[in-house]
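Structure record follows, encoded as structure tokens.
Each value in this text was obtained by applying a stated rule to the coordinates, not by laboratory testing. Computed from a predicted model, the values in this text were never measured in an experiment. Cβ placement follows ideal geometry from the backbone for every residue including glycine, while neighbour counts extend to all protein chains displayed.
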Amino acid sequence: MNDGGHAENDRMLGRPRRPASSNTPVSVWKEKENVDGKIVDAGVVILRTSGCAHSINGGCTMCGYNIESQENIDTGDLLAQFNKASADMEGISFLKLYTSGSFLDEREIPADVRNHVLTWCKDRDSRLLFESRTEFVTEEMMDAVNGIHDDLEIAVGLESSNDKVLKYAINKNMTVADYDNAADIIKKAGAKLRAYVLLKPPFLTEAEAIEDAIATAKHAALKSDTISINPVNIQRGTLVERLWKNWAYRAPWLWSVVEVLNSCADVDRKVVCDPTGGGKERGAHNCGGCDSKILESIKEHSTSQKRSKIDGPVCSCRDLWEGVVELEGLIADGTCDLQRLFRQR
Ligand code: SF4
Ligand SMILES: [Zn+2]
């Protein structure tokens, strides 16, 4: 999975690679999380695995998580990684465990490792959040995990409620119907569902991206408990990075993030957003002058879950953003003079 990439981490944003060790997790940290209306200590663990099943077949256009993956990671390596990570996690009541793929894919996370993690959480009365692609969410699998620990939140990348966007812009290798089916299985099993909504897949204008993310969030609200709005960030080795280097892609504006969050104010679900690489060139950004203030407002909005709209600071770049949204739209629908000019040539 890729929460646009795991919103929590910016490890893929064109930074020099750290030496990888098969028995050391990619990253571990603690943070605050709003769980059922209470702010609690949460742990975040990113395990290094053999990688996402879909990534091996090409992967999604914005996902560079395969770079952190290693072939030949075995059960012993994964257990060693988790044991190192969990040593710092005593006292938490929420564990977010990411694998750069699917926790329910037995090729990536063998049953012994899965059961060890579930047991660790059960013994500590800690909710467990993990990610999975839809094809691994089956009734049999849900029975198996629920049999060990039943306080689960499962994050599934819906990304877009438009099958064409899923297919041609994201290459998700999944349909909206696949997502709906997995969501039903998760809900029937009594687990919580976190839906990932991607903001600004490639090949969409800024305005189309905003519209698509809002429609997707509304679709996600039908079955999920939490909606995570994930602005695309430019990860190494991806199609999105290639487009960006050729001036054919810009990460979304933070004003667009605010627009989507404000449009979700009436959605009766927890809506979270933590833009990876926010304020930087490879992440959602504005002019540089107002970015940190907007990011703070977005963070506060996610943690508090207040339904009020985000105002954002007064900054002249908002006019520029409005202009971009309008002009790109005119170019896209062919009513722009510039576009006519190009056609006449
Ligand atoms: S499903 Fe797509 S976004 Fe998720 S980890 Fe695999 S390649 Fe990345
Ligand atoms: Zn600005």
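Can you show me the helix-derived [θ] at 222 nm for the chain, built from DSSP H runs with n ≥ 4 at -39,500 (n - 2.57) apiece and divided by the number of residues, rounded to the nearest 500. Please list the in-between numbers first.
Working: 11 runs with 121 residues, N = 345.
That calculation yields -10500 deg cm²/dmol at 222 nm.
Residue by residue through the stretch 139-152, which ³J(HN,Hα) values in whole Hz follow from phi under the Karplus form 6.51 cos²θ - 1.76 cosθ + 1.60 (θ = phi - 60°), with glycine and proline marked x?
Each residue's phi maps through the Karplus curve to give 4, 4, 5, 5, 4, 5, 6, 4, x, 9, 8, 10, 9, 10 Hz.
What FRET efficiency do you get for residue 293 and residue 135 if R0 is 45 Å and r is their Cβ-Cβ distance, rounded to the nearest 0.05?
0.65
Along the Cα→Cβ direction, 7 angstrom out, place labels at residue 119 and residue 262. What is the inter-label distance in nm?
In this crude spin-label approximation the distance works out to 5.2 nm.
Given Cα pairs under 8 Å that are at least 6 residues apart, what percent is the relative contact order of the chain? Each step should come with its number before you reach the end.
On the way: 671 pairs, mean separation 56.1, N = 345.
Computed over the chain, the figure is 16 percent.
What length, rounded to one decimal in nm, is gained on full extension from residue 245 through to residue 32, with 0.36 nm per residue of separation minus their alpha-carbon distance?
That pair, residue 245 and residue 32, stretches by 73.2 nm at full extension.
In what sequence, highest mean first, do 179-192, 42-55 appear when ranked by Cβ atoms within 10 angstrom? Before the final figure, lay out the partial values.
Values: 179-192: 18.1, 42-55: 22.6.
The peptides rank, most packed first, as 42-55, 179-192.
Enumerate the residues in the stretch 191-235 having an amide nitrogen under 11 Å from the point lying 7 Å beyond the Cα of residue 146 toward its Cβ.
Counting backbone N atoms under 11 Å from the label point, the list is 191-192.
Provide the gained length on full extension for the span residue 314 to residue 330, in nm with one decimal, where the gain is 0.36 nm per separating residue minus the Cα-Cα distance.
Result: 3.1 nm gained on full extension.
Can you grab the distance from the C-alpha centre of the stretch 215-229 to the C-alpha centre of the stretch 59-93, Å, no decimals?
Measuring centre to centre over Cα atoms gives 27 Å.
Please list, in chain and number order, the residues 5+ apart from residue 198 or on another chain whose amide H is under 5 Å from its amide H, with Hs placed from the backbone.
159, 160, 230
In whole Hz and in residue order, list the ³J(HN,Hα) couplings for the stretch 59-76 that follow from phi through the Karplus curve 6.51 cos²θ - 1.76 cosθ + 1.60, θ = phi - 60°; x for Gly and Pro.
Coupling constants for the stretch 59-76: x, 7, 5, 10, 9, x, 5, 4, 5, 7, 7, 9, 5, 6, 6, 10, 4, x Hz.
Give the angle, between 0 and 90 degrees and rounded to the nearest 10, that separates the Cα long axis of helix 206-221 from the longest principal axis of the Cα atoms of the chain.
Once rounded, one gets 40 degrees.
Between 0 and 90 degrees, rounded to the nearest ten: what's the tilt of helix 317-332 against the longest Cα principal axis of the chain?
80 degrees
Given the Cα-Cα distance of residue 300 and residue 106 and 0.36 nm per residue of separation, how much length would full extension add, in nm? Walk me through the intermediate numbers first.
Working: separation 194, 0.36 × 194 = 69.84 nm, distance 3.68 nm.
Result for the pair: 66.2 nm of gain on full extension.
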